[in-house]
Amino acid sequence: MKAIATDKAPAALGPYTQAYENNGTLMASGQIGINPATGKLPATVAEQAEQACKNVAAILEEAGYTFDNVIKTTCFLADIADFGAFNEVYGKYFTSKPARSCVAVKDIPAGALCEIEITAVK
């Protein structure tokens, strides 16, 4: 197993690793929309989704994967009413249409409005 970490995505907010790769499979922790350069969350769900996707991209790149390698995502929304705005951004990045779960949850760490976790294979 190989730990994957990049400073192009936010550092972990707790005792976990950004991702692990094992035998051609990458499992990444959920990414929220924190900008790694500023440590701040944008205001809207669309802006947060955009940054979360950029954070996912940074982890994929660090591990030698692309969005086309993603086979499954799990997405969390703080408010299901944001589904449409979230989907619009998500669709720009996940063009290969991986399997997905998308659920509303009570709260997301750091007060985020959305979170994306991925599984990718080579």
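The values are calculated or read from the model by the stated rules, or taken from the named source; none is laboratory data. What you see is a predicted model, and the numbers here were worked out from it, not measured in a lab. Glycine gets a Cβ as well: all are built from the backbone with ideal geometry, and neighbour counts include every protein chain shown. The area values use the complete protein model at the heavy-atom level, side chains included, leaving out ligands, DNA and RNA. Shrake-Rupley method; radii C 1.70, N 1.55, O 1.52, S 1.80 Å.
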For the chain, what is the percent of antiparallel DSSP beta bridges, rounded to the nearest 5? 75 percent
Per-residue ³J(HN,Hα) for region 95-109, Karplus 6.51 cos²θ - 1.76 cosθ + 1.60, θ = phi - 60°, Hz, x for Gly and Pro: 6, 7, 6, x, 4, 8, 10, 9, 10, 8, 10, 5, 8, 10, x
Output the 0 to 90 degree angle, nearest 10, between the alpha-carbon long axis of helix 45-63 and the longest principal axis computed from the alpha carbons of the chain. 0 degrees
Helix 83-93 versus the longest principal axis of the chain: what angle, 0 to 90°, nearest 10, using Cα atoms? 30 degrees
Under a straight-distance cross-link criterion of Cα-Cα below 24 Å, which lysines are reachable from LYS2, leaving out those fewer than 8 residues away in the same chain? LYS54, LYS72, LYS122
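Per the helix-only calculation at 222 nm, which mean residue ellipticity applies to the chain, given -39500 (n - 2.57) for every DSSP H run of n ≥ 4 and division by its residues, nearest 500 deg cm²/dmol? Intermediate results must be reported in sequence, preceding the final value.
Values: 2 runs with 30 residues, N = 122.
So the helix-based figure for the chain works out to -8000 deg cm²/dmol.
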By average Cβ neighbour count within 10 Å, what is the ranking of 35-45, 51-61, 66-76 from highest down? 51-61, 66-76, 35-45
Net charge over other residues, Cβ less than 13 angstrom from the Cβ of PRO98 (K, R count +1; D, E count -1): +1
Scalar couplings 3J(HN,Hα) for region 111-117 by Karplus 6.51 cos²θ - 1.76 cosθ + 1.60 (θ = phi - 60°), nearest whole Hz, x for Gly and Pro, are x, 5, 9, 7, 8, 10, 10
With the 1.4 Å probe rolled over protein heavy atoms, the chain has an accessible area per residue in Å² of 52 Å²
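Could you work out the relative contact order of the chain, using alpha carbon pairs under 8 angstrom and six or more residues apart, expressed as a whole percent?
Rounded, it is 32 percent for the chain.
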Around ARG100, which amide H atoms from residues at least 5 apart in sequence, or from another chain, sit under 5 Å from its own amide H, with H modelled in the peptide plane? THR73
